[in-house]
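Each remark here refers to the structure printed beneath this line.
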């Protein structure tokens, strides 16, 4: 099987309409799915750097073997410790961390200003580990990613969503200082990482919505969040690279702002109950690349025949005119049957005329 090169994904973000195979894209793939498909049975010690690099070696090898022209590489910045909750559902195979929406480590204006809590842009990210990961990426691929999380996510993680929303009204200076502390560092990380030749596209996730609306009002997003997103995207563009935004939720009221003002080049994360990906392509596909969109809930519950049928339907509609990469609406989760994920990838190969 002839492998796609990174140029196939670069072509998508350029919205090049010329014919060619549609590349696959995933924001992430939970390791249990990778392990089952690849036959990995031995554990990895993630507390050791050698273990971390082995994890990334397996991660990159999976993306390569499955035919992705890139690999997803994101690492967390070293912000003040998050107040996390842990949980595991009956259908899941991994314990997940959940942000405590009612409380965070940043509680006051003094906390937001405390220099002891905030590392400099040089020290707030493990650049050496990131570079070691990039060395593992094969020549025909590049990385998509950077520092995980955007200004809104990190602010609500560090304060808790409820205190953050209250502070907008009661302590707006705290919100301003907190967002500056976060975003100047995110921008500094981006400025450093985009110089890496092996990092093709810069990306972070900044979930802004629920199923029915944005988490805070459009006016508040325009005042507090979008200027910082725009600054980071500008830094990426200044280096001659493109920016991909992963953002969940109902964003119909802010998509024009994200495209025309913030300046994103691609949008990922779609749910059928919010907006089917075909509709998103019709609405915005002439101005921004549309990524993914095979609904995760559908992928978890449907049978293989239905998944193949749906994937082909989406490809036929969304590939027209270019600017589309196919994959799940969010992430390949550990509770998704691997055979269902493979049904989607097999349908993509069929559509692209790939044998083997």
If you wrap region 105-229's Cα atoms in a convex hull and average its projection over all directions, what's the area in nm²?
-> 8.8
Cα centroid of region 270-317 to Cα centroid of region 17-75, whole Å = 22
Kindly rank 14-22, 139-147 from highest to lowest mean number of other beta carbons found within 10 Å of each residue.
-> 139-147, 14-22
Taking Cα atoms only, helix 172-193 is inclined relative to the longest principal axis of the chain by an angle, in degrees rounded to 10, of 50
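Most exposed first by the Cβ proxy, i.e. fewest other Cβ within 10 Å, how do 291, 312 rank?
Values: 291 31, 312 14.
Exposure proxy ranking, most exposed first: 312, 291.
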Relative contact order [Cα under 8 Å, 6+ residues apart], the chain, whole percent | 22
Can you give the % of DSSP beta bridges in region 29-177 that are antiparallel, to the nearest 5?
-> 40
Most fluctuating residue of 162, 12, 33 in a GNM of the chain with Cα springs under 10 Å: which is it?
-> 162
Listed residues 51, 104, 322, most fluctuating in the chain (Gaussian network, C-alpha, under 10 Å) = 51
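What order do you get for 272, 260 when you list them from fewest to most C-beta neighbours inside 10 Å?
Details: 272 17, 260 11.
Ascending Cβ contact count within 10 Å gives the list 260, 272.
Based on the Kirkwood radius over alpha-carbon pairs, what is the Stokes-Einstein translational diffusion coefficient of region 186-235 at 4 °C with 1.567 mPa s viscosity, in µm²/s?
Values: Rh = 12.5 Å.
Stokes-Einstein gives a translational diffusion coefficient of 104 µm²/s.
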Hull volume per residue for region 290-356, using the convex hull of the C-alpha atoms, in Å³ is 78
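So for the chain: antiparallel DSSP bridges make up what percent, rounded to the nearest 5?
15
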Convex hull projection area averaged over all views, region 233-356, Cα basis, nm² | 8.5
Could you check which residue among 114, 176, 187 shows the biggest mean-square fluctuation in a GNM of the chain with a 10 Å Cα cutoff?
-> 114
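Roughly speaking, what is the stretch gain from residue 283 to residue 210, that is 0.36 nm per residue apart minus the C-alpha to C-alpha distance, in nm to one decimal?
My answer for the length gained is 24.3 nm.
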Footprinting proxy, 108, 214: sorted fewest to most Cβ within 10 Å, the residues are 108, 214
Using alpha carbon centers only, region 134-148 is separated from region 161-180 by a whole-angstrom value of 35
Between residue 127 and residue 82, with labels modelled 7 Å along Cα→Cβ, what's the label distance in nm to one decimal, could you check?
-> 2.4
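Each value in this text was obtained by applying a stated rule to the coordinates, not by laboratory testing. Note that the structure is predicted; figures quoted are calculated from it, not measured. Neighbour counts run over all protein chains shown; Cβ positions are idealised from the backbone, glycine included.
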